[in-house]
1. For segment 354-421, what are Rg and Dmax over the alpha carbons, in angstrom?
2. Quick check of the Kirkwood formula: for segment 334-492, what is the inverse mean of 1/r over all pairs of different Cα atoms, in Å?
3. Taking a temperature of 4 °C and a viscosity of 1.567 mPa s, what whole-number D in µm²/s does Stokes-Einstein yield for segment 390-438 with Rh from Kirkwood over alpha carbon pairs?
4. Using modelled backbone amide H atoms (1.01 Å from N, in-plane), which distant-in-sequence or interchain residues come within less than 5 Å of residue 516's amide H?
5. Got a sec to turn the phi values of segment 197-209 into Karplus ³J(HN,Hα) couplings, 6.51 cos²θ - 1.76 cosθ + 1.60 with θ = phi - 60°, whole Hz, x for Gly and Pro?
6. What ratio of Cα Rg to 2.2 N^0.38 Å holds for the chain?
7. What lysines could a cross-link reach from residue 114, if we take a straight Cα to Cα line under 18 Å and drop same-chain neighbours fewer than 8 places away?
8. Going by average Cβ neighbours within 10 Å, how do the peptides 182-192, 450-460 rank, with the highest at the top?
Amino acid sequence: MWDSSNLSLSAQEQKELAKRITSFLSQYTYLSESYIIEFFTEDLWHKLPVSWQSVLQHLSYYQIAELLIDAGHGHRRYPSVWPLSLLAFRATAHSLAFPRSSRRSQTRPDAQAKPEEFQENQNQSSLLTHAFRKHVKPKKQHEIRKLGTLVKKLCEQTECNRVVDVGSGQGHLTRYLSFGLGLSVTAIEADPALVAMATKFDGQLLCALDKERRKKKKFASEPSSSQACPRHVAGWVDPKASWEVFMQQLGIDPADGEDSFAPCKKRLRSPEHTADAAVLEGDVQREMVLTSLHACGDLSPTLLRHFVQCPHIRAITSVSCCYMKLTTKEQPAPPGVLRHPNTSQLDPEPRVRDFGYPMSVHVRGLPGHQLSYKAREGACHAMEDYVVRLREESALLRTHCYRAALEVFITDSRPDLRRAGIQTLKKAHLLTFNEYAHLGLARVGLPPSLLLDKGRLDAMLAQERRVVVFFSLALLLAPVVETLVLLDRIIYLQENGLHSQLVPLFDPKFSPRNFVLVAQKTPE
């Protein structure tokens, strides 16, 4: 049905893959759990096997990309003999991760090119009309078109015209599903400001489509825009709440079959759509397709649990992000996760089945399945973008070493400021280290004029290549960690009698979190 990453794996093979991944990752926690800013303070280089150090320290940036990170099987010219343990590490990391490119994109001659829809104009998808590109960045244009098309197919297969878009933000996907593909859509978003913005953009799109229709009278090549306005709901989806509560948030009473999911009455004025309107206004069925584009942290696991438990959700497409914000038994309240004031409180002894990871009984029982905050945060990094930087020997690469060196001076002065969040300094790679340090120290409340030992600083900056090599080794594990998180969800669905597919739907060079988990229930 789709170009799926896990289509060829049986249920048993999926479980075996999870076991192999946990075993592999447990051997390299010194990489996956290391913070690159602590390269000097924790002497990370010397945590590598001595045999690795000797062959890696002299690699050029281009060689790091070609010999270490690139998963291709082309001819490689090694500047020296690599130890078998390093070759095995690289090969295993590549083999255990789900392929992030579709079969078609793997055969595309120009591996660095943007998707074909942006060849004429790098900021505008040629496959979306202007009305659906307004206010939408190119990356999001690519995503809403691809995901919208998939959701439409799911609706056709399940004979379900109703879609719920969770975490809808400014409503870009919602509008494409509704006005572009003719689906009945409810969007739920926690931020009321974004809901207001989405409603405003809905109105602008209606006006734009109305103008086009009046000007051209008939636009045969356009998708039907006869659908009612999407309905926007301001609400926070509580991971601890039941699917019945979720349905009530959407305006649906799970007890009686009636709902307030009524489309708004404003439509494009066109007499041929009168029959359509009558049907929609009388539609009170509760069956729906659930979708979410880059749902953060526990939101994706929550929606999958609702899909399993709620009889009215026929299918789901789930695109995740922010794996570090997943709750775990070891870390039930990850840093940076804000709890809604009305959410249920943390249980004194929370049930393991309520955490964002792991979801499946199988993965939960595997030795070494635990993933630290740092390992999960690393899984969000964009390997494809980093490879481009390496091949171009980008000056952006020096910021790793800058920050690691600055950490030495910060912790020497104030040990309590270890791993202090400096955030991104604009155009840091164009600054001298002293200029960088002046800005960074001010952000953590230290005097910008803090005395920096020049000899010590020069010795650290001379190790820039080692810093990049270590970061690249850790980056090799990122797709493996992501694969384990997603595989856990596939196995969870499998344990509940539901088949799913993992589809590398988006171009990974354009949209790093490109996997879509797709599942649907077969009629009984």
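1. Cα-based Rg and Dmax for segment 354-421 come out at 17.7, 47 Å.
2. Details: mean 1/r = 0.0532 Å⁻¹.
The Cα-based Kirkwood calculation yields 18.8 Å.
3. Details: Rh = 11.6 Å.
The estimated diffusion coefficient comes to 111 µm²/s.
4. Correct list: 503, 505.
5. So the J values, rounded to whole Hz, are 5, 4, 4, 4, 5, 4, x, 5, 5, 4, 4, 5, 5.
6. Details: Rg = 25.1 Å, N = 524, 2.2 N^0.38 = 23.8 Å.
Output field value: 1.06.
7. 137, 139, 140, 146, 509
8. Details: 182-192: 22.1, 450-460: 12.8.
Packing proxy ranking, top to bottom: 182-192, 450-460.
The values are calculated or read from the model by the stated rules, or taken from the named source; none is laboratory data. This structure is a prediction, so every number in the text was calculated from the model and none was measured. We place every Cβ from the backbone using ideal geometry, glycine too, and count neighbours over all the protein chains shown. Please note that ligands, DNA and RNA were not included when accessible areas were found on the heavy atoms of the full protein model with its side chains. Shrake-Rupley method; radii C 1.70, N 1.55, O 1.52, S 1.80 Å.
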